[in-house]
1. Could you please give the count of residues in region 229-246 that are within 16 Å of the ligand (Cβ to nearest atom) and either open to solvent by 10 Å² or more (accessible area, probe 1.4 Å) or under 18 Å from Tyr128 (Cα atoms) (or both)?
2. Could you pull out every one of the strands (runs of 3 or more DSSP E) wholly within region 264-380 that has 2 or more residues that are within 30 Å of Pro135 (Cβ to Cβ), touching a residue at least 60 places away in the same chain (Cβ under 8 Å) and not assigned by TED's automatic domain parsing to the domain that holds Pro394?
3. Which members of region 126-148 meet the condition of being small (Gly, Ala, Ser) and within 16 Å of the ligand (Cβ to nearest atom)?
4. Yes or no: region 22-43 includes at least one residue that is within 18 Å of Met402 (Cα to Cα) and part of a loop (DSSP other than H, G, I, E, B).
5. Within region 119-136, is there a residue that is in a helix (DSSP H, G or I) and without any contact (Cβ under 8 Å) to a residue 60 or more places away in the chain?
6. Is there any pair with a first residue in region 389-416 that is without any contact (Cβ under 8 Å) to a residue 40 or more places away in the chain and part of a loop (DSSP other than H, G, I, E, B) and a second that is of a type in the set (Lys, Arg) and open to solvent by 10 Å² or more (accessible area, probe 1.4 Å) whose Cβ atoms are under 8 Å apart and which are 6 or more apart or on different chains, and what are they?
7. Being touching a residue at least 12 places away in the same chain (Cβ under 8 Å) and part of a helix (DSSP H, G or I) is the filter; apply it to region 95-113 and report the residue that is farthest from the ligand (Cβ to nearest atom).
Amino acid sequence: MSDKTLDLDFDKEHLWHPYTSMHSPLPCYGVLSASGCTLKLEHDRELIDGMSSWWACLFGYNVSELNDAAKNQIDKMAHVMFGGLTHEPAIELGKKLIQITPKELEKVFFCDSGSVSVEVALKMALQYWHAKGSPRSQFLSLRHAYHGDTFGAMSVTDPKGAMHELYHHFLTEQLFAPQPKIAFDDPWDESDLAPIAEMLSKHHANIAAVILEPIVQGAGGMFFYHPEYLKGVRALCDQYNVLLICDEIATGFGRTGKMFACEHAQISPDILCLGKALTGGYLSLAATLCTKHIATTISQGSAGVFMHGPTFMANPLACAIANANIEKLLSAPWLEKVAHISTQLKHYLTPCLTLENVASVRVLGAIGVVQVKQSINVAEVQKHFVEQGVWIRPFGKLIYIMPAYIIDDVSLKKLCDAIFFVVQKLQNSEK
Ligand SMILES: *Cc1c(COP(=O)(O)O)cnc(C)c1O
């Protein structure tokens, strides 16, 4: 294995990587294989993975139950169209998702990716109001929200300073309430809800839905807000007869310490988006769930059907892996493991607060965030992390980790120590 090398020159010349220049891209590291929490690079290098491949790999890489599920399914059928046909993996997965999500959610739409599940959610909300004979044309989102990279999803992602600003003139203009101010652990104050309450009172007649990431705003700033805020928004949506869409693409499947982040506020949305960890990081699959009331209303409308149907809808291979993933999640006390990871993260990341250039340290569930005062040079910092033997990819002023639930204490400490070391190094080099 050690003499194997990848054609990184071809990669650099011809392959787009996310959010980087094609002309002078950020450096890329070649991965030969991955298992557990370890990424195996060329030249016998190994990294402890702190990113779970962007929230997706709940149980790390090369998980035997998920491998078996894929192998079993692929010999039966890798794919079959969902129009007019159905299959066991989809039926099983539908049952499981209805069972583990808030009980009002009874109807499942399978699609390809998180962004598409957000498109589906937005279309469901629009079609719901259309079917009721009172079409509405706007969505209310939050500042610092992130909901994906397709056009509908971009339109409800914070346009200011975010990655989507440059499409501004092409996007539907939506309403944005200020970011909640009160953090998850801070004392609650009703005044945090005043701005969104005012916007709803003014614009509710034309708002199809409020869309938000429950509790954790992810790619828009890794901020953990107060459960009472979410509870309050649910109540406001009821009061003003506006639908609530919860985007749990990042937060779902135990990441925040509850199976779904909505549970921190004991609320149920009208529409729920799931993705990322759904297949444990194996294949792209997402789902949009809604209430019976929404599904029935849409189906009784003049269109009579919901107007969406991706080619790879409910892909059997992806569904089979998702089933094995959820079975694994339910079969062991993973929420206890997440609580343990949380305690460890707090313990090992808190020392970062002693560093001058650290603005804040935040931990929720199996998510740890260190926010620094200056914007980070990603290429440089990534290189330092790789030298420390860890895979951590920061953005903006944020260094964050969300390790796989199988991580052991020694590896977790190594990730946290590497953050301390690298932040300290940055601080010294600035002097
Ligand atoms: C990642 C993410 C998306 C987009 O999912 P993709 O699978 O990348 O399209 C949407 N919403 C949230 C909250 C996310 O974290």
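1. The number of residues fulfilling the criteria is 3.
2. Because the criterion is at least 2 residues that are within 30 Å of Pro135 (Cβ to Cβ), touching a residue at least 60 places away in the same chain (Cβ under 8 Å) and not assigned by TED's automatic domain parsing to the domain that holds Pro394, the strands (runs of 3 or more DSSP E) in region 264-380 that meet it are 271-274, 286-291.
3. Passing the criteria: Ser141, Ala145, Gly148.
4. yes
5. So in region 119-136, the residues in a helix (DSSP H, G or I) come out as 119-131.
With the extra rule that they be without any contact (Cβ under 8 Å) to a residue 60 or more places away in the chain, the set shrinks to none.
The answer is no, given that none of the residues of region 119-136 is in a helix (DSSP H, G or I) and without any contact (Cβ under 8 Å) to a residue 60 or more places away in the chain.
6. Short answer, once both residue conditions are applied: Lys397/Lys373.
7. Ile98
Rundown of residues vs (1) assigned by TED's automatic domain parsing to the domain that holds Ala265; (2) modelled with pLDDT of 95 or more; (3) within 16 Å of the ligand (Cβ to nearest atom), yes/no style:
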position	(1), (2), (3)
Ser115	yes, yes, yes
Val120	yes, yes, yes
His164	yes, no, yes
Phe176	yes, yes, yes
Trp188	yes, yes, no
Glu198	yes, yes, no
Lys202	yes, yes, no
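The values are calculated or read from the model by the stated rules, or taken from the named source; none is laboratory data. Since this is a predicted model, take the numbers as computed values, not measurements. Cβ: placed from backbone, ideal geometry, glycine included. Neighbour counts: every protein chain shown. These accessible areas exclude ligands, DNA and RNA; they are computed on the full protein's heavy atoms, side chains included. Shrake-Rupley method; radii C 1.70, N 1.55, O 1.52, S 1.80 Å.
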